[in-house]
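Report on the structure given below.
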2 protein chains.
Amino acid sequence: MSIAMLFPKGLRQFLAFMFASLLFFVLAIATIAPVSAAESDPLPSWNEGEVKGEIIAFVDRITTQDNPDFVPVEQRIATFDNDGTLWPEQPLIQGMFVRDRLAEQVANDPSLAEKQPYKAVLEGDLSRLGRLTGSEVTALLTAVYTDTDGGKYEADVRDFFATEKHPILGVPYTELAYQPMVELLDYLRANGFQTWICSGGGIDFIRVISQQMYGIPPQQVIGTSIAKAFIEQDGTFVLQRQPKIGSFNDKAVKPVNIDLHIGRRPVFAAGNVKSGGDIAMLTYSQGRAGASFQLLINHDDRSGEFAYQEPDNASLNAAATHGWTVVSIQDNWQQVFAFQDKSKS
Amino acid sequence: MSIAMLFPKGLRQFLAFMFASLLFFVLAIATIAPVSAAESDPLPSWNEGEVKGEIIAFVDRITTQDNPDFVPVEQRIATFDNDGTLWPEQPLIQGMFVRDRLAEQVANDPSLAEKQPYKAVLEGDLSRLGRLTGSEVTALLTAVYTDTDGGKYEADVRDFFATEKHPILGVPYTELAYQPMVELLDYLRANGFQTWICSGGGIDFIRVISQQMYGIPPQQVIGTSIAKAFIEQDGTFVLQRQPKIGSFNDKAVKPVNIDLHIGRRPVFAAGNVKSGGDIAMLTYSQGRAGASFQLLINHDDRSGEFAYQEPDNASLNAAATHGWTVVSIQDNWQQVFAFQDKSKS
């Protein structure tokens, strides 16, 4: 008599059922899981090659428990610049929104139309808008919506995204997320990362579309902010926008605001070539104790996007010095936008 | 011949195994789940009664899809004050940390010991420390760690929590989370809420223990901040603490910083009676479009905690006017700290 015979027949059959089905599920999972992982490419819009390989190898390393570079999940923070990193910056999309608002103001006060930077904005001088200085952006940001409840601002931004189109590409701005970067955000999140935007653009502007376009909720957006005051207005309390910048989130201010909002150095940071605006953020990421990855996008594309370089090459020089991974849009991306055909040519 | 006979015997047996075990699991889950839900009290340290009932009824309402008060999960933001709401503020725990650091400074410069508020801090004048003004807190916050890399500060805070004990309760500060509030945080998270701290205390101080004590990660802590600068120091870039407050997160500044960090009005907000510091945050929460809940803790306990009131009663008056839920520690909490016996008396 075997040990099994010690159990009544009904129980034996029941245990046999349970064991057989458990075995089946274990075998099924063991067989299926590796196949599906090998078959699905997490970054289909990236060309095969060194850059894509480096990204995947890094994520594999920091998510493998017994690897010396392993990073606990709660430390997996990724920060992304927005303009030129997640969507185009020719022209600055927020600049187009401000232009619409200024046009409304000029309808009331025509003398405004002759002042700079208003003039460039209103005339749609894209080349001038591409070279806005920090103080000009500040002037523009505070020129509209001062002393207004934030609700009015948000409603107008929603309306802008629902109705306006990119002047050259001819599609709504909400279709202009860089498809390879959307895939990268998804890939990082699938590997335990919390993804953040850290942009020189306006925090309230980006928050309106960050979830829809990038899967990033408003509380994970860091950006340039307008000072606000909590005041009583017609019997209710509102957050009123003040005629003052709270924080201009560019260059060396990016690490300061990442510390304020997140409290950790990013494991993964991505920026782009144009003004050197992301050098400090990438330096900050690289300075963390433990593994980290820095990505710098070079706008060298001559077909699907807009080719431009940085006057002093500071970002590319920093990348070469510090070993950051440079993305060539021309060579490394198979496709720039989701609405384009897979083959760019 | 039954339909089953159309299949070979081996397959029939296998399907029988699968079906039997599937049925077993379905029945098991169907039997067990309602029982465990009915039996488990999400707020065991709260006495049965109106306050506990209101909290549970609110959460039921906003999580029920076809209820008019339903709140989509991405909007379920809860903000909690810290001192006096999640842990005791007699004395201010951060005040005790600063006292230790000042004692080190006085060892180098004895003249400091005669200046206020240093004097009160160094003499451990608990009553005086309980009445620190905003500008005194500012002076204390900037008196230590100016021009220091944040890493040194964090290490000292960790050491403080690992070694120091509450002067009256005699246990480490990390054991002083209010047990009913820890349960409330867990309960809200289990119902899809993202829980945040919004405190007048220092953001860098609270972040060291927020995960361990409250299950709140550093990026969900809002607090008073020191200005920082990203600068090169001995060949590496560090975030250096500046002799200036970035933001003093109290009263009307709390809604401004909630907007900056989260970008949404909280559905649930909790503060406490002492200085009126949370009135603005609770007002802000109540002003959201849609359902919301405001909780105000009244320190009327005469056994397990510290009884104190607000000089002008502004917080309790606001609660009465606006219909906020007032928690009496004496009446509504069965237990204040986890280390205490279940029955307080």
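Couple of notes before you dig in:
- For segment A:284-293, backbone phi angles converted through the Karplus equation (6.51, -1.76, 1.60; θ = phi - 60°) give residue-by-residue couplings of 4, 4, 5, x, 5, 6, x, 5, 7, 9 Hz, Gly and Pro being listed as x.
- Shortest-first nm distances, B:A155 label point to equivalent points in other copies (7 Å, Cα→Cβ): 5.4
- Cα-based shape type of chain B, given that a ≥ b ≥ c are square roots of the gyration tensor eigenvalues and the cut on a/c is 1.5: prolate
- The helix-only estimate of mean residue ellipticity at 222 nm for the protein assembly as shown, built from DSSP H runs of length n ≥ 4 each weighted as -39500 (n - 2.57), is -12500 deg cm²/dmol after division by the residue total.
- Size of segment B:214-265 from its Cα atoms: along the principal axes, largest to smallest, the extents are 43, 26, 20 Å.
- Quotient of Cα Rg and 2.2 N^0.38 Å for segment A:55-176, N being how many residues it contains: 1.46
- Placing +1 on each Lys and Arg Cβ and -1 on each Asp and Glu Cβ, with no other charges, gives segment B:142-289 a dipole about its Cα centre of roughly 600 debye.
- Taking amide H as placed 1.01 Å from N in the peptide plane, B:Y178 has its amide H under 5 Å from the amide H of B:W87, each at least 5 places away in sequence or on another chain.
- Amide H contacts of B:K228 (H built 1.01 Å from N, under 5 Å, at least 5 apart or other chain): B:Q242
- Summary of the geometry: segment B:168-240 and segment A:202-242, compared by the centres of their Cα atoms, lie 23 Å apart.
- Inter-label distance for A:K119 and A:A162, nm, one decimal - labels placed 7 Å from Cα along Cα-to-Cβ: 3.6
- Quarter of Cα convex hull surface for segment A:126-268, i.e. mean projection, nm²: 10.2
- Direction-averaged projected area, Cα convex hull, segment A:146-193: 5.4 nm², rounded to one decimal.
- What separates the Cα centres of segment A:245-311 and segment A:43-103 is a distance of 10 Å.
- Accessible area of chain B belonging to carbon and sulfur atoms, whole % at 1.4 Å probe: 56
- A convex hull fitted around the alpha carbon atoms of segment B:254-345 yields 111 Å³ per residue.
- Scanning residues 5 or more positions from A:V327 or on other chains, those with amide H under 5 Å from its amide H are A:L296, A:I297, A:N298, with H placed 1.01 Å from N in the peptide plane.
- Interface of A with B. Using a 1.4 Å probe and counting protein heavy atoms only, the two chains hide about 3000 Å² of accessible surface, both sides summed.
- Residues in segment B:90-102 carry Karplus couplings, in order, of 10, x, 4, 5, 5, x, 5, 5, 5, 4, 4, 5, 5 Hz; the curve used is 6.51 cos²θ - 1.76 cosθ + 1.60 with θ = phi - 60°, and Gly or Pro positions show x.
- Other-copy label distances relative to B:A227, 7 angstrom Cα-Cβ extension, nm: 1.2
- Where N is the number of residues in the protein assembly as shown, Cα Rg divided by 2.2 N^0.38 Å: 1.10
The values are calculated or read from the model by the stated rules, or taken from the named source; none is laboratory data. Everything quoted here is computed from the prediction, not taken from an experiment. Counting neighbours? That spans all protein chains shown, and the Cβs are built from the backbone with ideal geometry, glycine included. The protein model used for the area step is the full one, side chains on, heavy atoms only, and it has no ligands, DNA or RNA in it. Shrake-Rupley method; radii C 1.70, N 1.55, O 1.52, S 1.80 Å.
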